[in-house]
Amino acid sequence: MLTALFPWLLAVAATPPAYVLQGQLTDVPAGTTIYLKHYQSGWHTIDSATVDATGRCEMRGLLDAPLLASLQLKGQKHMYQLPLHPGDELTFTMEPNPKRETFHFQARGTVGVEQWQQFQQDIYPQMFGVAQLPAKNRGLRELRALVRRTPDTFLAAHLTKNYLSRQASQQAFVDSMTTVLARRQPALAETQNLSTRTHTAALTEKGGEVAPDFTLPTAAGPSFALSSLRGKYVLVDFWASWCGPCRAENPRLRTLYQQYQAKGLEIVSVSVDADGGKWRKAVSQDQLPWTQVSDLKGWDSPAAQLYGVLAVPTTVLIAPDGRVLERNLRGEALEKRLRKLLP
């Protein structure tokens, strides 16, 4: 009998505990639906509940892995984020914000929730509005300290991948933190993404490797394959319409293209935008005559992952035989290199 029960006991033991979310909402009509959502190449509804006459609601269910979830009331655009792990028992309150058409949201129950709220309230406002921050930025310093204190939490990996890794000044810290996360939380998708990108970035940093090929839609519509430019020097430029340093570099790139295109230079700009309209508008405003491609998947772009792109701008210079010559050449350094290659 015990032998027959053993597989069942193992299955029960392997089933993760259910998360529980209990909410208390003020001035929300009874019967209003509240959704629990997650973004991964589009929004997906994980769960939902109905607010009762006392303003209460409850959700419970199973997760395969921790994630950053969002709560959204039916009929409203604003979302309220919180990290959610399998087995978490959280409470939250939503009270109308008299100054805005939103709610004051507060969640409690785990270290991860406290960590996220500290980031949103105290750290992110010091980082907001600038694509690339100086290394001494106070928000970056506080974010590094927060991540160091909690290396065993999902949010440490999430914040490293989605905020610190986007800053060019933080790459040394990201590399070291990725090593820590790979040891402590190897199964997390965020950790695996960081590990893949830092490894790929290291390969192209050394040079000599064959540049990975990719095929992406152009701004005009048809697809473009990087390998179609074999036989020419190619500068692959990862950028975005919202990236100030990228846009500031475009006039210089335009000048270099005009100077060296007839001698065998091509430029391929790969946008990590997610909004096609903003991408095409930036291409038009900056008058970029070379190949413009994007799959509009933002940081989830497979091409960006192929090249280990952790921040923009990132450039990769490729030789006519398809091998990487150098990474992150910009400004005067790029001009000097081209002058030697294409006299």
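The values are calculated or read from the model by the stated rules, or taken from the named source; none is laboratory data. Because the structure is predicted, anything quoted here is derived from the model rather than measured. For neighbour counting, all protein chains shown are included, and Cβ atoms are generated from backbone atoms with ideal geometry for every residue, glycine included. Side chains included, ligands, DNA and RNA excluded: accessible areas come from the protein's heavy atoms. Shrake-Rupley method; radii C 1.70, N 1.55, O 1.52, S 1.80 Å.
In the assembled protein chains, Val180 presents an accessible area of approximately 40 Å² (probe radius 1.4 Å). Once you order the gyration tensor axes a ≥ b ≥ c over the Cα atoms, which shape class does the stretch 12-134 get: rounded for a/c under 1.5, otherwise prolate or oblate by comparing a/b with b/c? The shape class here is oblate. Dimensions of the chain along the principal axes, based on C-alpha atoms and rounded to the nearest Å, stand at 75, 60, 41, largest first. Structure note, pairs Lys281/Lys336; Lys37/Lys297; Lys74/Lys297: Cα-Cα distances above 29 angstrom occur for Lys281/Lys336.
If both residues of a DSSP beta bridge must be in the chain, then about 70% of such bridges are antiparallel. Here's the list of lysines a cross-link from Lys340 could span, going by alpha-carbon distance under 25 Å and ignoring same-chain residues fewer than 8 apart: Lys206, Lys232, Lys263. Just the protein heavy atoms count here, and of the accessible area of the chain at 1.4 Å, carbon and sulfur take up 52 percent. Ordered by solvent-accessible area of protein heavy atoms (1.4 Å probe), largest first, the residues Thr255, Thr314, Thr33 come out as Thr255, Thr33, Thr314. Given their separation in residues at 0.36 nm each and the Cα-Cα distance between them, Gln40 and Lys136 gain 31.4 nm when the chain is fully extended. Karplus-derived 3J(HN,Hα) values for the stretch 306-323, using 6.51 cos²θ - 1.76 cosθ + 1.60 with θ = phi - 60°, are 4, 9, x, 6, 9, 7, 10, x, 9, 10, 9, 9, 10, 7, x, 7, x, 8 Hz; glycine and proline are entered as x.
Scanning the chain for cysteines with no neighbouring cysteine C-beta under 4.7 angstrom from their C-beta gives Cys57.
Per residue, the Cα convex hull of the stretch 241-330 amounts to 96 Å³.
Solvent-free Debye calculation, one equal scatterer per alpha-carbon of the stretch 97-217: log10 I(q)/I(0) at 0.12, 0.14, 0.21, 0.23 Å⁻¹ equals -0.54, -0.70, -1.21, -1.33.
Summary value for the chain: 13 percent relative contact order, contacts being C-alpha pairs under 8 angstrom separated by 6+ residues. Full extension of the chain segment joining Glu332 with Arg183 gains 49.7 nm, where the gain is 0.36 nm per residue of separation less the Cα-Cα distance.
The rule of thumb for compact globular proteins, 2.2 N^0.38 Å, goes into the C-alpha radius of gyration of the stretch 115-176 1.00 times. With the simple spin-label model, which puts each label point 7 Å out from Cα in the Cβ direction, the Thr54 to Gln305 separation comes to 4.5 nm. Using a Förster distance of 35 angstrom, determine the FRET efficiency expected from the C-beta separation of Lys99 and Ala65, and round it to 0.05. Here the calculated transfer efficiency is 0.45. For Thr196, the solvent-accessible surface computed with a 1.4 Å probe is close to 80 Å², ligands and nucleic acids excluded.
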